[in-house]
Amino acid sequence: MRLAVIPARGGSKRVPRKNIRAFCGRPMIGWPLEAARSSGCFDRIVVSTDDDEIAGIAQGFGALVPFRRPPELSDDHATSVAVVAHAVRWHIDNGFAPDAVCCLYPTAPFVRPEDLAAGLRLL
């Protein structure tokens, strides 16, 4: 199974609510979610978040939000590696065995489906 994990916490300090702020007509997180979906590269696209509003918007763009990120992974010191590892562990514990994992940031509005497909071909 190919898994995309988008880490999107609610507590941004420098740009509050940056993951869901409008950018060219849609929430910022909507751009990479749409690219991931359109690429056809992933069996599951999951958003790891601690925030109900982000979860709702992500689900509206077709992402899965099967868990809430724990508080220890939702502060300023949590690393992307730890957040993605948590998502992978959750999937393994729940009967999904990812053989490839992609971390895609919610603030990457310029990622294109063809870039994701090219990355998968290289992998």
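The values are calculated or read from the model by the stated rules, or taken from the named source; none is laboratory data. It should be emphasised that the depicted structure is a prediction, and the values quoted were computed from it without experimental measurement. Neighbour counts run over all protein chains shown; Cβ positions are idealised from the backbone, glycine included. Heavy atoms of the whole protein, side chains included, go into the accessibility calculation; ligands, DNA and RNA do not. Shrake-Rupley method; radii C 1.70, N 1.55, O 1.52, S 1.80 Å.
For the reader, a short list of remarks on this structure follows.
- For the chain, the fraction of 1.4 Å probe accessible surface lying on carbon and sulfur atoms is 55 percent.
- Assigned charges on the beta-carbon of Lys, Arg, Asp, Glu; the chain dipole about Cα centre (debye): 300 debye
- Selection from Gly30, Phe110, Ala87, by position along the positive dipole direction of the chain (Cβ): Phe110
- Within the chain, longest stretch free of exposed trypsin sites (Lys or Arg not before Pro) [DSSP loop, at most 13 other beta carbons within 10 Å]: 22-123
- Efficiency of FRET between Val15 and Ser80 - r from beta-carbon atoms, R0 22 angstrom, step 0.05: 0.80
- Heavy-atom surface of the chain, accessible at 1.4 Å and reported per residue (Å²): 54 Å²
- FRET efficiency for Gln59 and Ser38, using Cβ-Cβ distance with R0 set to 22 Å, rounded to 0.05: 0.80
- Take every pair of alpha-carbon atoms less than 8 Å apart whose residues are at least six positions apart; their mean separation over the length of the chain yields a relative contact order of 41 percent.
- Euclidean distance between Cα centres, the range 94-123 to the range 1-77, Å: 13 Å
- Contact order for the range 39-104, expressed relative to its length and based on alpha carbon pairs under 8 Å spaced 6+ residues apart, stands at 24 percent.
- The chain - mean residue ellipticity at 222 nm from DSSP helices (-39,500 (n - 2.57) per run, n ≥ 4, rounded to 500): -10500 deg cm²/dmol
- Calculated Rg and Dmax of the chain using C-alpha coordinates, Å: 13.6, 38
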